[in-house]
Structures are given as C-alpha cells and as structure tokens.
Amino acid sequence: KMNCCGLLTAQKEPVPLKSVGVELEVRDHVATVVSTLNYENKEDKPLEAVFVFPLPGDAAVCHFSAKIGQRQIVAEVKEKQEAREEYDDALSSGQQAFLLEESEQSPDIFSLSVGSLPPGESASIRLEYVTELAVQADDGLRFCLPAVLNPRYQPQGTETATPSLRVTSVPASLVPYSLSFSARVSSPRPVSKVESNCSLDPLQYLNPEQTQATVKLAAGHKFDKDVELLIYYKDAHQPTAVVEAGQASAKLGTLMGDPVVMLSLYPEFPQAVMSSVASCGEFVFLLDRSGSMDCPMDHSKRQETRISSARVFINGQPSVKYSQKTMEESLKKVEEMGADLGGTEILEPLKHIYSQSCIPNQPRQLFVFTDGEVGNTKEVISLVKKNSGSHRCFSFGIGEGASSALINGLAKEGGGHAQFITGTDRMQPKVMQSLRFALQPAVVDISVTWDLPKGVSVTVLSPPITALFQGQRSLIYAQLTGESSKAAEGCVTVKYSLAGHPSQNQLHFSLKPAEDTGLTVHRLAARTLIRSLEMEERERRGEQDKGVKKKVVEVSVQSGMSSVFTAFIAVNKGDGKAVQGPLVRRNVPTPNLSQCLGQGSDWRINLTYMFLMAGTEPKQTPRDPLLQLVSLQKASGCWVLDPALAAALGKTRKKVEKGNLHRWEVWATILALIWLHGFKVDAQDEWQLLAMKAVSWLRAQNGNNHNNKCSNSTRPALFVTKSSAQWV
C-alpha cells in the first residue's frame with residue numbers, strides 16, 4: 001500500500017517537489033536567473049522524480065547542480081545520448097543521478113530527472129540561465145518567468161516527444177508546490193518603476209541615485225499566469241558596447257578564452273523617411289482557431305477569451321483590393337469566427353500561404369496570432385526562414401503559456417517583430433507598434449563593418465542582421481582575437497538602405513574589458529552561436545555531413561551551455577553505498593490553463609488596430625470612447641457626421657452641427673482629429689496612423705474640391721487649441 005503523505009497530484013500520487021525559489025538579477029537589459037528546486041521523498045521507497053517545465057525560448061542554461069545534505073555535485077555538459085546512458089547506468093547501480101535536457105521539438109521546454117532519491121531524503125537542485133530582455137512599445141524591458149506549460153498539439157506525421165519530455169500537467173489551482181520570486185535591478189541609469197501582472201511587494205531602492213532596486217513577488221502566487229516584469233529606466237535606451245574578458249582557465253583563440261563584445265544597437269532612421277508610411281502592401285492574417293484559443297485571457301476573471309482578443313480576418317481566397325466594401329465583408333467573416341477547429345495546425349496553413357504567388361509591387365506582411373501550443377515548433381520556424389525572402393512575419397503570442405520559442409522564432413526568422421499579450425494587457429500599443437513596423441519600408445542591403453586596432457581580429461558569432469526597425473535593439477556578439485592596449489578603441493558601422501536612401505549608424509567603443517560581468521556575455525554569445533548552428537543543422541538534415549552537429553556539441557561542452565544535442569549530467573558517487581529497492585517514478589506536474597470551463601462572455605474584437613489602415617471594427621460598439629471613434633472611421637480615412645460619431649465625442653448631433661461647411665464629412669473628420677489631439681494625446685501611439693490617414697483624406701478633398709473651406713493647413717495640430725478641445 002502506497003504511503004500517501006505530503007503533497008499529492010490530482011491522481012493522489014505523492015509529489016516530491018516541495019518548492020521553487022527564483023532569484024532574478026537584471027543588469028541593464030541582461031538577466032541572470034537562478035532557480036532552486038527543493039525535493040523531498042516522504043514515501044517509503046526510493047523515487048525517480050521527472051519534472052518537465054518551460055523556460056524562455058532564448059534562455060542560455062549555464063549551470064546545473066544538486067545538493068544532498070552537505071554535498072554539492074556540479075553537473076557536466078555531455079553529448080545527450082552519452083549523458084542519458086550515464087544516468088541510466090547510475091540508477092541501475094543504485095547511485096543518485098541528475099539529468100537536465102532540452103526538448104528536441106522546442107528549445108523552451110526542459111526535462112529534469114532526479115533519480116534514486118532514498119526514503120526520507122531531500123535534494124536541492126540549482127538551475128541557472130541568462131537571457132536578454134526584450135524592449136516593449138513603451139520602452140519597458142520585459143522579463144517573463146514561464147510558470148505555465150500548456151499541453152502542445154502534435155500534428156500527424158511530426159516527430160513525437162521522447163518519453164522523458166512528455167508533459168504531466170494539472171489545472172493551475174491544483175499545483176502542489178509553492179513559488180517564491182525576488183528580483184534585483186541595476187543599471188547606469190535610474191530605475192523609474194517596475195510593474196508586473198502579479199502582485200508585488202513595494203519597490204525598494206538600494207542607493208540614493210536609484211540605480212539599484214529590489215522587488216519581490218507577493219506571497220500566495222496561484223500559478224494561474226506566467227510571472228511578467230516590466231522594468232523602466234528614466235533615460236531612453238542608448239547604443240552600448242560591453243567587452244568581457246575571456247575565462248582565465250580557457251585556451252586563447254577559443255570562444256571562452258578570448259574577449260567577447262556585445263553590441264546593442266538602436267538604429268535611428270532619417271525623419272524624412274519615417275514621416276511617410278507604405279501606401280501599398282499585401283496583409284495576410286493567420287489566426288489560430290484551435291480549441292485552446294477559447295480559454296479566457298485572465299483566468300481570475302474568466303471574461304475575454306484568447307480568440308476574442310485576436311480575432312482578425314483571414315481569407316482563404318486570393319487577396320482582394322482594399323475598399324469599404326471588401327473591408328465590411330472581411331469584418332462580417334470576423335464576426336463568424338470561433339475557436340472550433342481542433343488542434344493547433346500552423347504548418348499547413350503556412351505552406352498554403354507560401355504557395356500563393358506574391359502580388360507584384362505589394363510587399364507581403366504576414367501576421368500570426370496564436371497561443372503557441374504546438375509540438376512542431378522547429379519545423380514551423382524552419383518553414384518561415386525558408387520563405388523569409390518573400391515576406392515579413394509579425395507574431396503575437398496570445399494568453400498565458402504561449403511558447404516564447406515559437407513566437408520569437410517566427411519573428412526573428414521572418415524579419416518581423418514579436419509581441420506577447422496576456423491577462424488584462426492593453427494590446428493597442430503593442431499592435432500599433434507592429435503595424436508601424438510593417439508599414440515601414442523594408443531595410444535592405446544591411447552590412448556590418450569593423451574597424452579595430454592592428455593585431456586584433458573579429459569573428460562575428462551572431463547570424464547576419466536581416467531586419468532593422470526604428471528604435472528597436474539589434475544585438476551583435478563577436479569574438480575578439482589578438483592583443484591591444486587597454487586604451488584602444490574599436491568602431492562598428494552598420495550600413496543599410498531604407499526606401500532608397502543609403503544610411504549608416506556608427507558605434508565607437510573601448511576595448512577595455514568591463515568589470516563584474518562574470519561570463520554573462522560569453523554565455524549569451526555561445527547561446528547565439530549554438531542556436532544558429534542548430535538551425536543550420538536542421539536545414540541540412542538528411543545530408544551526410546555531420547560536421548554541424550559536431551560543432552554544436554563542441555561549443556556546448558566548451559562553454560558549459562545547453563543545446564539540443566547535449567545534456568547536463570551529475571552523478572552522486574558519495575560513500576559508494578547503493579540505494580536499495582526498486583525505483584518508483586513520479587512525474588511532477590506543471591500548471592496548464594488549457595482546461596477551459598466555458599466560453600468568454602466578451603466576443604468583441606480588441607485587436608481593432610490591425611484594421612487601422614481599414615479604419616473600422618465590427619458593428620458591436622465598444623465602450624472605450626477611443627475604440628468607439630476608431631470603429632467609425634471609414635476605409636477612405638474620413639468620418640461621417642451621424643449620431644454614432646456625436647456619441648463617441650460625448651455630444652448630441654445637434655451640438656456638433658455648428659459648422660457651415662459644404663462637406664459634412666470634412667467637418668466630421670476635423671472634429672475627430674480635434675478630439676484625438678485634445679483628449680487622447682497620451683495614447684497618441686495608438687491612433688497616430690489613423691490620424692495620418694485622415695489628414696491624407698482631408699488634403700485630397702482640398703485638391704479635388706476648391707469650394708470647401710478645408711485648406712492645406714488642415715493638419716490636426718492647428719485645430720487643437722484649448723478652446724476648441726474644450727468645445728468638443
């Protein structure tokens with residue numbers, strides 16, 4: 001009879017994992033994360049505990065160790081099959097062993113196996129990784145600790161997960177272990193604030209300059225969402241270069257032995273080019289309509305569903321020319337869409353899209369909206385990369401637990417931009433940012449040149465830059481070989497062409513190594529090189545050349561970083577006493593949010609701004625006055641003077657019919673622009689393109705009809721006086 005004491009799963013099986021503690025250290029835009037997992041066997045027989053869990057898709061796992069009693073065992077990185085065999089051999093001989101391996105299907109899923117944990121014994125597992133923080137639309141830096149791992153759909157004919165990497169999950173409310181989380185933030189610039197989707201204790205500053213601060217997750221986290229932090233600094237992000245000295249024990253001429261530089265570039269494009277947007281293009285919207293998209297965005301409130309947040313138009317027919325008529329037909333289809341198409345099949349729709357010929361002189365922009373619950377992540381990303389020359393891909397991860405590996409991978413390989421929309425996020429700024437990027441002319445002919453002192457050579461470790469966006473960070477890692485004086489400087493120049501205008505950005509930097517960075521930059525550089533080589537290996541799969549895989553293993557072992565072809569292995573040889581008795585396997589569950597208890601109550605489209613160039617949304621009127629005004633703009637860019645517009649402005653129709661213009665549409669459009677500039681200036685990023693469209697329409701009216709009173713000065717700012725805004 002099983003001794004069911006301690007924590008239990010939904011199947012009444014004891015769970016040996018008791019608690020998870022996470023410590024986050026952020027230095028400017030780089031994060032180091034240390035997770036401690038505490039296990040305890042309260043059964044009367046030895047256990048093997050297997051825990052499949054998510055990590056950020058771009059995380060670089062650099063340390064894995066186990067502490068049993070007072071004994072610390074540090075794991076080594078070995079070729080994966082060799083590590084598995086060593087683990088199995090250790091368990092067969094009664095030794096304790098620990099194995100950490102990355103999923104072969106998706107780099108954001110890991111499996112931790114704790115073997116031969118004797119009755120009554122405890123073990124503490126330490127896992128460390130580093131990652132870069134993504135810049136958000138409002139200049140915040142986003143860190144996400146994945147706490148949710150939803151089951152991922154495995155399409156027919158794709159590779160299945162190995163047994164050790166199959167997910168055991170339970171509803172979030174039944175997770176039988178606790179989470180504690182603390183963060184320390186430091187930067188040369190003051191920390192202005194830290195926000196989160198979870199409850200936090202107050203931010204504590206550690207110095208008068210407010211360049212260092214700490215914050216903690218409030219007690220009682222329910223595992224119903226990923227833990228997201230948004231970190232804001234007082235000054236805008238600036239181009240920087242960090243040179244890190246090599247590891248003293250490593251051989252010169254190797255990745256870990258030589259200095260490595262991390263360049264953070266924030267390109268600034270000519271204002272003349274950025275003031276105009278593309279006037280043509282083919283916009284393709286791919287919406288995930290799988291059953292999991294019917295889950296609520298915020299499980300604590302159970303209101304809006306994922307698909308109601310992301311419902312946009314996807315038409316399987318050939319593209320049609322944009323007009324008021326085709327826009328209204330599109331919106332009618334949107335109204336009819338539901339999360340009713342079974343499992344998440346992204347690969348086949350993408351193949352269909354890529355099989356359609358591009359329209360001449362109409363750049364293709366692909367927008368993908370999904371909760372990311374797929375099991376063939378790498379296959380999907382490889383397909384996007386293969387077709388990257390014909391389009392740009394902008395991805396949106398909807399809801400908790402969206403695969404960061406899939407969402408970031410689609411955008412990276414498709415030359416686009418990734419966004420994550422969770423809980424009660426106001427998505428308009430994020431959607432607007434991606435839309436602005438899509439309307440920005442493609443940057444072409446990108447080249448990077450280096451100017452270094454004599455005797456110093458450079459080996460670029462990052463893949464070539466394929467996309468640049470205004471104000472968005474581009475990272476370059478490079479290995480510096482050779483010697484130079486500490487006072488020496490280097491220079492990197494990025495040249496490119498934007499809308500036919502040749503441009504360049506330069507960054508001068510000191511070759512003197514920074515202090516107190518440890519090996520963080522080397523680890524991130526190694527991760528970048530490993531991911532690039534893994535992609536190359538996948539593209540060449542089936543060929544006889546095994547050199548790429550060998551190179552991945554070599555870099556992974558040398559740098560002590562995880563990869564798809566390697567694993568961390570630790571064996572406790574201890575005092576030589578074997579653990580007695582047959583092993584009982586226990587799968588530690590992870591929280592998932594895919595078990596929905598009904599549909600959300602709000603089916604209106606919040607992703608209105610993907611139609612900003614169309615200028616409207618479904619007939620169901622939103623309560624937000626800004627969204628209401630957006631919903632009334634016509635495809636041409638104008639507004640019509642009717643009761644709906646008056647209501648959006650908070651007036652009666654009689655009140656707004658004070659003008660004496662020949663064209664009521666002109667007057668209505670002017671009123672809408674006055675209202676936007678007078679009352680929604682703080683949300684300008686959300687309606688900027690909409691206003692540009694309206695102004696273009698006004699100017700066209702002036703050119704077509706000299707009888708109306710709208711002149712060339714119909715720029716919104718000229719109408720926004722204090723009195724006019726108050727009148728509206």
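Here are some notes:
- Residue within segment 644-652 that is open to solvent by 50 Å² or more (accessible area, probe 1.4 Å), modelled with pLDDT under 80 and hydrophobic (A, V, I, L, M, F, W, C) present: no
- Of the residues making up segment 410-421, those that are open to solvent by 10 Å² or more (accessible area, probe 1.4 Å) and either within 20 Å of E345 (Cβ to Cβ) or touching a residue at least 60 places away in the same chain (Cβ under 8 Å) (or both) are E413, A418, F420.
- Filtered residues of segment 69-83 (kept if under 15 Å from A567 (Cα atoms) and open to solvent by 50 Å² or more (accessible area, probe 1.4 Å)): V74, E76, E79, Q81, E82
- Scanning segment 436-488 for residues that are closer than 30 Å to Q362 by Cβ, basic (K, R) and open to solvent by 50 Å² or more (accessible area, probe 1.4 Å) yields a count of 1.
- Residues located in segment 45-95, provided they are under 23 Å from C144 (Cα atoms) and β-branched (V, I, T): V52, V61
- Residue within segment 19-28 that is of a type outside the set (A, V, I, L, M), touching a helix residue (DSSP H, G or I) at 6+ places or on another chain (Cβ under 9 Å), over 30 Å from A418 (Cα atoms) and open to solvent by 50 Å² or more (accessible area, probe 1.4 Å) present: no
- The number of residues in segment 215-237 being surrounded by fewer than 17 Cβ atoms within 10 Å (Cβ to Cβ) and over 21 Å from the mean Cα position of the chain (by Cα) comes to 7.
- If you go through segment 492-516 and keep only what is out of contact with any strand residue (DSSP E or B) (no Cβ under 6 Å at 6 or more places or on another chain), part of a loop (DSSP other than H, G, I, E, B) and surrounded by 12 or more Cβ atoms within 10 Å (Cβ to Cβ), you end up with A499, K512.
- Filter pass, E43 being more than 21 Å from V175 (Cα to Cα) and of a type in the set (D, E): no
- Boolean, S403 is at pLDDT 85 or above and open to solvent by less than 10 Å² (accessible area, probe 1.4 Å): yes
- Test: residue in segment 377-394 that is polar (S, T, N, Q), within 14 Å of V284 (Cβ to Cβ) and open to solvent by less than 20 Å² (accessible area, probe 1.4 Å): no
- E43 vs. criteria of a type in the set (D, E, K, R) and at pLDDT 90 or above: no
- Condition check for A66: open to solvent by less than 10 Å² (accessible area, probe 1.4 Å), closer than 24 Å to L179 by Cβ, in a strand (DSSP E or B) and at pLDDT below 90: no
The values are calculated or read from the model by the stated rules, or taken from the named source; none is laboratory data. For clarity, every value in this text was computed on a predicted model and none was experimentally measured. When we count neighbours, we look across all protein chains shown, and the Cβ atoms used for this are built from the backbone with ideal geometry, even at glycine. Accessible surface areas use protein heavy atoms only, side chains included; no ligands, DNA or RNA. Shrake-Rupley method; radii C 1.70, N 1.55, O 1.52, S 1.80 Å.
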